[in-house]
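A quick write-up on the structure given underneath.
The values are calculated or read from the model by the stated rules, or taken from the named source; none is laboratory data. Note that the structure is predicted; figures quoted are calculated from it, not measured. Note that each Cβ is placed from the backbone with ideal geometry, even for glycine, and that neighbours are counted across all protein chains shown.
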C-alpha cells in the first residue's frame with residue numbers, strides 16, 4: 001500500500017506541476033459555473049412568471065429538480081470528456097519517456113502500480129467535484145433545497161467519476177501514445193452513455209443487459225437523489241472490472257511469449 | 001553471480017536473442033559488446049526482469065529472474081539506455097522517489113538520495129529539474145537512481161553514449177569505482193572502456209555469443225579491437241591492418257558512436 005501511495009503522490013504532483021491539472025480544473029469549474037448560473041436564472045424566471053399568475057400552483061417547483069439534477073447531468077457529460085484528459089498520461093507517459101523501465105525493474109507488485117495510478121486519478125476528480133460543492137452551498141444559503149437529495153446526487157456524480165478514472169487508466173495501460181489513450185477512453189465512456197438507446201426496441205434479455213450496462217440509467221436515479229444498492233453495485237463492479245483489466249494489461253508485459 | 005543459460009527472445013518471428021549463455025562471477029565486471037541490434041539491450045532487459053525471455057533462464061545471486069523476479073529486482077540496479085527520469089521533477093525529489101520505489105522508507109530515503117548525490121557528484125544540480133539537465137548530468141542521475149538501494153548487481157546499458165570526452169572520463173571513473181565492490185554488466189561500443197573497467201568480455205552478434213573470455217586470456221599480442229572485428233566484422237575484417245595507438249582508437253570509437261545512436 002505504501003508503494004501505491006508513493007506512486008500516487010508522484011503522479012498527483014506531476015499533474016499539478018504541468019499545466020494539465022490547472023487547465024482541466026479551470027475548464028471544469030468554468031463550465032460548472034456557467035451551467036449553474038443559467039439553470040438558476042431560468043428557475044428564477046419561471047418562479048417570477050408563475051407567482052404573477054393568480055391561483056397558479058407553484059408547489060411542484062423546487063431547486064432540486066430545477067437546478068441540481070440538470071446541473072449534475074451536464075457535469076456528467078463534461079466529466080466524460082475531461083477524465084480521459086486526466087488519465088491519459090498515467091501509463092502512456094511512463095512508457096513514452098522510459099520511466100516504465102524504472103517502475104518495472106523496481107521491487108513493486110503490479111497491483112501496487114495499478115492502484116497508485118488509480119488513486120492519483122481519484123484524487124484529481126475528488127478535488128474537481130469537491131470544488132463544485134460551492135453551488136449546493138450557495139443554494140443552501142439563499143434557498144431551501146433538500147440536502148439528502150443533493151447529497152445523493154453528488155455522490156452519484158462522484159462514483160461515476162471514479163468509474164471513469166478506472167476506464168481511463170485501462171486505456172492508458174494499453175498504449176504509449178497519450179492521444180490514443182484519451183480518445184479510446186472517451187469513446188468507451190461515450191458508448192457507456194448511449195449504449196441503452198436501442199433498449200426500447202430490443203427483446204427481453206438484451207433490453208435488460210443494455211439498461212444495466214448503461215451509465216445513464218444508473219446515474220439518472222442518483223442524480224434525482226435516489227440511492228439504490230443496484231446503482232452502487234454497478235459503479236463498484238465497473239471500477240473493479242476495469243482495475244482488473246488494467247492489472248492484466250500491465251502484467252501482460254511480464255507474460256512469457 | 002549472474003548466470004545466463006540458453007537465453008532466447010523473439011519478437012514475432014524475429015529472434016532478437018538466440019540461445020545465449022554466459023556468466024559473471026560476484027564482484028567481477030563484464031563488458032558486453034556487440035554491434036547495434038545484436039541483442040544487448042534485450043538481454044539486459046531480461047536480466048533485470050523488465051521483460052520475460054521466450055526460453056532459457058537467468059539467475060541473479062541464485063534467484064531466477066522469472067520465478068523470483070521480486071528478489072532479483074531488489075538486488076539489481078539498472079541504468080537503461082535512456083535514463084528513466086521524470087523530467088518535471090527536480091533531481092533530489094526524484095532520487096527520494098526512486099529510493100521509496102526501491103523500498104527504502106522514511107528518513108532513510110532522503111539519506112540514500114543524499115549519499116548518491118555525493119557519489120555521483122550531483123550536488124550542484126540537486127535542485128534543478130531533470131528536464132533541464134545536460135545529457136551528461138542526466139546520465140549521472142540515471143546512474144544515481146541505479147545505485148540508490150545499494151544493489152549487489154549493476155546493469156548499465158551504454159552509460160557513456162552521447163557524452164563529451166570529459167564526461168566520458170568522469171562516468172568511466174565512477175563506474176570503475178563502483179565496479180570494485182559489485183557485480184557489473186556494462187554494455188558499450190567503446191572498446192577501451194571495457195579494457196579499463198572490466199575483467200571479462202562477452203561479444204554477441206546477431207543474437208548469439210561470439211566470444212566469452214577473460215580479458216587476461218585474450219591471445220597475446222591481439223587487441224580487443226582486433227578480437228571484436230574478428231567476431232563481429234566477419235571474414236572481410238580479418239585483414240584489418242595492425243592497430244593504431246590506443247588513444248587514436250579511443251577517439252575513433254567515441255566519435256563513431258555519436259554518429260550512430262544506440263539500437
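Structure data summary
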read-out: Qualifying residue in segment B:195-204 (condition: in contact with a helix residue (DSSP H, G or I) (Cβ under 7 Å, 6 or more places away or on another chain), more than 20 Å from residue B:231 (Cβ to Cβ) and part of a loop (DSSP other than H, G, I, E, B)); value: no
read-out: Filter result (buried (at least 22 other Cβ atoms within 10 Å of the Cβ) and on the phi > 0 side of the Ramachandran plot) within segment B:120-159; value: B:158
read-out: Which numbered condition residue A:8 fails, given (1) touching a residue at least 40 places away in the same chain (Cβ under 8 Å); (2) over 23 Å from the mean Cα position of the chain (by Cα); value: (2)
read-out: Residue B:105 vs. criteria surrounded by fewer than 18 Cβ atoms within 10 Å (Cβ to Cβ), under 24 Å from residue B:50 (Cα atoms) and either within 13 Å of another protein chain (Cβ to nearest Cβ) or under 22 Å from the mean Cα position of the chain (by Cα) (or both); value: yes
read-out: Checklist (1) more than 25 Å from residue A:215 (Cα to Cα); (2) at pLDDT below 90 applied to residue A:95, failing item; value: (2)
read-out: Qualifying residues in segment B:77-87 (those that are under 17 Å from residue B:40 (Cα atoms) and within 7 Å of chain A (Cβ to nearest Cβ)) - the one surrounded by the fewest Cβ atoms within 10 Å (Cβ to Cβ); value: B:82
read-out: Qualifying positions in segment B:67-76 - part of a helix (DSSP H, G or I) and either within 7 Å of another protein chain (Cβ to nearest Cβ) or in contact (Cβ under 8 Å) with a residue 40 or more places away in the chain (or both); value: B:70, B:73, B:74, B:75
read-out: Identity of the residue in segment B:1-25, outside any strand (DSSP E or B) and more than 14 Å from chain A (Cβ to nearest Cβ), that ends up surrounded by the most Cβ atoms within 10 Å (Cβ to Cβ); value: B:1
read-out: Any helices (runs of 4 or more DSSP H) falling wholly within segment A:45-144 and containing at least 2 residues that are away from chain B (no Cβ under 14 Å), farther than 15 Å from residue A:168 by Cβ and under 22 Å from the mean Cα position of the chain (by Cα); value: A:69-87, A:110-132, A:134-142
read-out: Count of residues meeting criterion [within 11 Å of chain A (Cβ to nearest Cβ) and assigned to a loop (DSSP other than H, G, I, E, B)] in segment B:48-66; value: 9
read-out: Criterion violated by residue A:8 - all others in (1) within 14 Å of chain B (Cβ to nearest Cβ); (2) in a loop (DSSP other than H, G, I, E, B) satisfied; value: (2)
